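One structure below.
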Amino acid sequence: MPDEIALKVSNLDVHYKDFQALWNVFLEAQKGEIVSVIGANGAGKSTLLNTIAGLLAPTQGAIECLGEKIDGLPPYKIVPIGITLVPEGRRIFPRLTVYENLIMGSYTPRTRSSRNEALKKIYQLFPVLKDRHNQMGDTLSGGEQQMLAIGRALMSNPKLILCDEISLGLAPVVIKSIYGRLRQINQEGITIVLVEQDIKRSLKVANRAYIMLEGKMVLEGEPSSISEEQVRKAYFGI
Amino acid sequence: MVKYKWPILGVLFVGFATVPVWGSEYVLLFCLLYCLYLAMSQMWNLLAGYTSLLSLGQQAFIGFSGYAVAVLTNYYGVYIWLSVLIGGFFSVLLALFMSLFIFRMRGIYFAIGTWIFAEMLLLWFSNWKYVKYGTGLFIKPPHPPSMTTIYYASLIMGAGATAAIYIILRSKIGLGLMAMRDDEDVSEAMGVEIFRSKLFCFMVGSFITGLTAGVLYVFQIFIQPYKAFAIDWTVILVFIVIIGGIGTIEGPIVGTFIYVLLSQWLAEYAHISLLLLGIIAITIILLAPTGIMGTLHQKTGFAILSPRRL
Amino acid sequence: MEKKKKKKDRYDGISRRDFMKKGAVAVGAAMTSGLVLPKVVKPARAARRKYILIGRPNPSTGPIASFGEPTPWVDERAVAKINKDGGIYIKEFGKKVPVKIKIMDTESNPTKAGEVASRLIVKDKVDLMVFYHTPDTVNPVASICERFKVPGISLDAPLEPWLEGGPYHWNFHAFWSVEKDIVPVYTGMWEQVKTNRVVGILMANDPDGVSWSAVFKKLGAKLGYKFVDLGRFPYFNKDFSSFIDGWKKQNVEILLGNTIPPDFATAWRQCQRLGFRPKVATIGKAVLFPSAVGALGGDLANGLTTEVWWSPHHPFKSSLTGESARELCDAWMKDTGKEWTQPIGYKHAGYEIAADVLRRAQSIDKQTIRNAIADTNMDTIVGHIRYNKEHYSRTPLVGGQWVKGTKFPWELKIVYNKEHPNIPMTGKIFALS
């Protein structure tokens, strides 16, 4: 069912106290798609992902995931529905082992039962995590940490993962390998929403792309239809 | 070392349990103080080390529960150990009440909030005729318990508090607590119910701290609001947990030993005792920035009471 | 998956069944060692020292350190005197043995005082506890002495809070009472000055402030005094203008206070600035020590009145050294260069009682010592000590007034002695305005 909607965000407003970070934001991801959201620093990309993941509550608007209304729900209710976040900067748990980090991904009761199969899959996908399963999180290299963060997000058997700046601070060869795995994950039917500074790479993998500027969605389309000029405009406002 | 974890712990526990048999009165006193401070510092560690609830108001539970014991035994003739138990529950009630106000606060605001609560209790008790204002109360049960009995009560608290933390950390929510310790936002994103976990720990912390304070005041006999509700208590607990290693179970075990030993030793150097305590604390923190056990753990992976699963 | 991995892990995980098994073995092993150990350890602590040990918890640091200041000067001097001819005859040793003291700091903290006292008893095995200075020291230490059945001699803390901890078996105390001594002395001083009998209350929100104000209002009203009580104030209050306004409005001519020194200094300076000049100002605690009086600055201390429990003018002699109160003070001033303070006499008296008791007991048996304390009937440098059936002995209280001095900037004159005429007056009370 390629046309089933995995995620639908509409008319979303988000405030940090008095400051409005998102204005009437919309986003749609079909099931099995990779959707890329690009935009300058501070455009509101992370805010959008954090709101979808339930870390922030929208002041207005709706978020639907596979037909369920999830806006305003806390993360512990959203994770079992099938959305998980790969946070910006990896943010693995430094004083937990690799194994424990992964287990944390299936912390919610409803995701616990399928923990072992999920673990097996992730170890196949990232064999390095299996080798290092008993090491402390903070002893991993940057690339390994990113793999761990992705693996952690996959532990709950999600239908949709939200990846925030997964190439940040990594060597090109590592980025390439991680994007390879991301495709693999996507091929298994998991929808991916990608937020990236690395425009080229994220446009290359995406089925569809959105451009954000100052908390608003300014453009939506197939990656091929987005011109460099439009991108530049989104980034520099000219 | 780690392989012999249970035998070592077993020997330690039985060693403690048989202190009245083999130890001198002074060893008994030392172990009694050790167990009481251990229980209270484990609880501060649970709050500050795992749930980032930086409480500067542990003295609120200590004083409140101590007064509950005094009032129940003196005014109502309640059996002393029963009143200690009730004191623990009073402490939980206080924690619930406090949480209504301070659980919206984070970090330093929470810390100051708890402190303000303790100060308010100090004002209340020192102006309350029922508890004889600031003069203080003597806890005088008709049949005062022996030192041995009090020691066993404190052993139950010390061992119980450590076991409680271990069990909590090994339980389903334990991993969530450790994740919260490392990164609260991400653990929330993973589905940890931050508020409930924190509230749970706050309740457990207040209960065990309250019970321990009850035993402490059975030992102390005399309670007076200015010191019962003084920030000094929390300062001691912070000292213990920081030098021992915050966010580890072994930290308070080692930290308490150092503190009790030092305070016993320093009492003989009256005028410079605080200065020496400060110098020792700074030295330890400079040499071992994450506390003795924290640093040892980082360097060698040593952790005898690691709540690791797998 | 988890189980298979377990064996080679760095962190030694353990299943529940394993835990029970290993735990049982461990407990068993430890039990055995626990039973064997005592026989090895016990004999080592049998040897007994050949001296009498007196435990001395003392507030050497913290807010009440000025009370504890004469330690160890007084203590060492007294002990040297006791030990001059070899000490005190003790039956158990069959000879004279010296007295030793062990001083430990309570940090002015009752919790710490309790811990320190416990330690003196169980670790140092003191034969007798001698302790002084405010309920914060005396109450917890007395409680601990009761628990461990160690005889205790205490002085220098008002009787009322001490009595709360009774009935005592092992403790004996000597000092004055707020109700029976402070009130008559204060009001007695006020009677000597012509006033309208309107009293303004300046009392901190602390144990003394709360209890003194209550006692004064209760007993003072019967004596025809009218009290203007505008409430308790917290420590380190910075603004007393509302109090002062209230007193001025109600025409207060007598100021009654009990505060810590810095608070009185603030309040008293503001009184001067705002033109509030009572005829009498009688202040407890804040003007007890010359250092605090001097810190008021200028002429502000002139004419302030307070309670006097001991002074060089007290006509008593030490049973230990034969010194008069005057001679003891002179020795202090000569050795330290500091002005005498009231606790010096009481500290000394503690050793007089201890020495007398031990000489009569001739034993280090605790019950014998305790009985000897109960039988005490002696003159000391603070007056006659004879414990009643409630285990206390009231010591004399008179009234004093601070005036400009010759040797030191401020000197305390005895201006009221109605209850204890044997203590001579050294000055005549004068009105402040």
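The values are calculated or read from the model by the stated rules, or taken from the named source; none is laboratory data. Predicted model only: the values in this text are computed from it and were never measured. So basically every Cβ, Gly included, is an ideal-geometry build from the backbone, and we count neighbours across all protein chains shown.
Scan region B:123-139 residue by residue and report those that are more than 8 Å from chain C (Cβ to nearest Cβ), surrounded by 18 or more Cβ atoms within 10 Å (Cβ to Cβ) and not β-branched (Val, Ile, Thr).
Within region B:123-139, the first condition is being more than 8 Å from chain C (Cβ to nearest Cβ), and the residues that meet it are B:124-125, B:128-131, B:139.
Of the ones still in play, those that are also surrounded by 18 or more Cβ atoms within 10 Å (Cβ to Cβ) are B:125, B:131, B:139.
Passing the criteria: only B:125.
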Number of the exception - residue A:213 against (1) modelled with pLDDT under 90; (2) within 30 Å of residue A:122 (Cα to Cα): (2)
Note down all Cβ pairs under 7 Å where the first residue falls in region C:220-249 and is on the phi > 0 side of the Ramachandran plot, the second is assigned to a loop (DSSP other than H, G, I, E, B), and they're at least six residues apart or on different chains. C:224/C:197
Determine which member of the set A:46, A:106, A:36 is more than 19 Å from residue B:184 (Cα to Cα), buried (at least 17 other Cβ atoms within 10 Å of the Cβ) and of a type in the set (S, T, N, Q). A:36
Take the residues of region A:93-103 that are of a type outside the set (Val, Ile, Thr) and within 7 Å of chain B (Cβ to nearest Cβ): which is surrounded by the fewest Cβ atoms within 10 Å (Cβ to Cβ)? A:94
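With respect to residue A:156, determine if the residue is buried (at least 22 other Cβ atoms within 10 Å of the Cβ), touching a helix residue (DSSP H, G or I) at 6+ places or on another chain (Cβ under 7 Å), of a type in the set (Ser, Thr, Tyr) and in contact (Cβ under 8 Å) with a residue 12 or more places away in the chain.
It is true that residue A:156 is buried (at least 22 other Cβ atoms within 10 Å of the Cβ), touching a helix residue (DSSP H, G or I) at 6+ places or on another chain (Cβ under 7 Å), of a type in the set (Ser, Thr, Tyr) and in contact (Cβ under 8 Å) with a residue 12 or more places away in the chain.
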Looking at (1) under 14 Å from residue C:254 (Cα atoms); (2) aliphatic (A, V, I, L, M); (3) in contact with a Pro (Cβ under 7 Å, 6 or more places away or on another chain), can you tell me which one residue C:202 breaks? (3)
Test of understanding: among B:209, B:234, which residue is touching a helix residue (DSSP H, G or I) at 6+ places or on another chain (Cβ under 9 Å), crowded, with 22+ Cβ neighbours inside 10 Å and within 14 Å of chain C (Cβ to nearest Cβ)? B:234
How many of the residues in region B:118-147 are within 24 Å of the chain's Cα centre (by Cα) and modelled with pLDDT of 85 or more? 14
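Right, residue B:7: of a type outside the set (D, E, K, R), free of Cβ contacts under 8 Å to residues at least 40 places away in the same chain and touching a helix residue (DSSP H, G or I) at 6+ places or on another chain (Cβ under 8 Å) or not? First the steps, then the outcome.
Numbers: of a type outside the set (D, E, K, R): yes; free of Cβ contacts under 8 Å to residues at least 40 places away in the same chain: yes; touching a helix residue (DSSP H, G or I) at 6+ places or on another chain (Cβ under 8 Å): yes.
When the stated conditions are applied, residue B:7 passes them.
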Are there helices (runs of 4 or more DSSP H) fully within region A:37-149 with at least 3 residues that are at pLDDT 90 or above? List them. A:45-52, A:75-81, A:98-105, A:115-125, A:127-131
Extreme residue, surrounded by the most Cβ atoms within 10 Å (Cβ to Cβ), among residues of region C:51-62 that are more than 12 Å from the chain's Cα centre (by Cα) and in a loop (DSSP other than H, G, I, E, B): C:61
Residue check, residue C:180 part of a helix (DSSP H, G or I), away from chain B (no Cβ under 14 Å) and without any contact (Cβ under 8 Å) to a residue 60 or more places away in the chain: no
Enumeration of residues in region A:44-69 that are within 23 Å of residue A:189 (Cβ to Cβ) and within 13 Å of chain B (Cβ to nearest Cβ): A:49, A:52, A:53, A:54
Quick one: which of C:334, C:366 is within 14 Å of residue C:52 (Cβ to Cβ) and surrounded by fewer than 21 Cβ atoms within 10 Å (Cβ to Cβ)? C:366
Among residues belonging to region C:75-120 that are within 14 Å of chain B (Cβ to nearest Cβ) and of a type in the set (Val, Ile, Thr), point out the one that is nearest to residue B:27 (Cα to Cα). C:116
For region B:194-216, check the following and say yes or no: at least one residue is at pLDDT below 95 and not in a helix (DSSP H, G or I). no
Just a yes or no: is a residue in region B:219-234 free of Cβ contacts under 8 Å to residues at least 40 places away in the same chain, under 30 Å from residue A:78 (Cβ atoms) and assigned to a helix (DSSP H, G or I)? no
Give me a count of the residues in region B:153-211 that are of a type outside the set (A, V, I, L, M) and without any contact (Cβ under 8 Å) to a residue 40 or more places away in the chain. 12
Where residues in region B:155-200 are within 13 Å of the chain's Cα centre (by Cα) and under 18 Å from residue B:53 (Cβ atoms), which of them is surrounded by the fewest Cβ atoms within 10 Å (Cβ to Cβ)? B:164
Mind telling me which of the residues B:248, B:256 ends up being out of contact with any Phe, Trp or Tyr (no Cβ under 6 Å at 6 or more places or on another chain), surrounded by 22 or more Cβ atoms within 10 Å (Cβ to Cβ) and among the polar types (S, T, N, Q)? B:248
Subset of region B:14-27 [facing chain C (nearest Cβ under 7 Å), within 23 Å of the chain's Cα centre (by Cα) and hydrophobic (A, V, I, L, M, F, W, C)]: B:14
If I filter region A:162-170 for residues that are in a helix (DSSP H, G or I) and not hydrophobic (A, V, I, L, M, F, W, C), do I get at least one hit? no
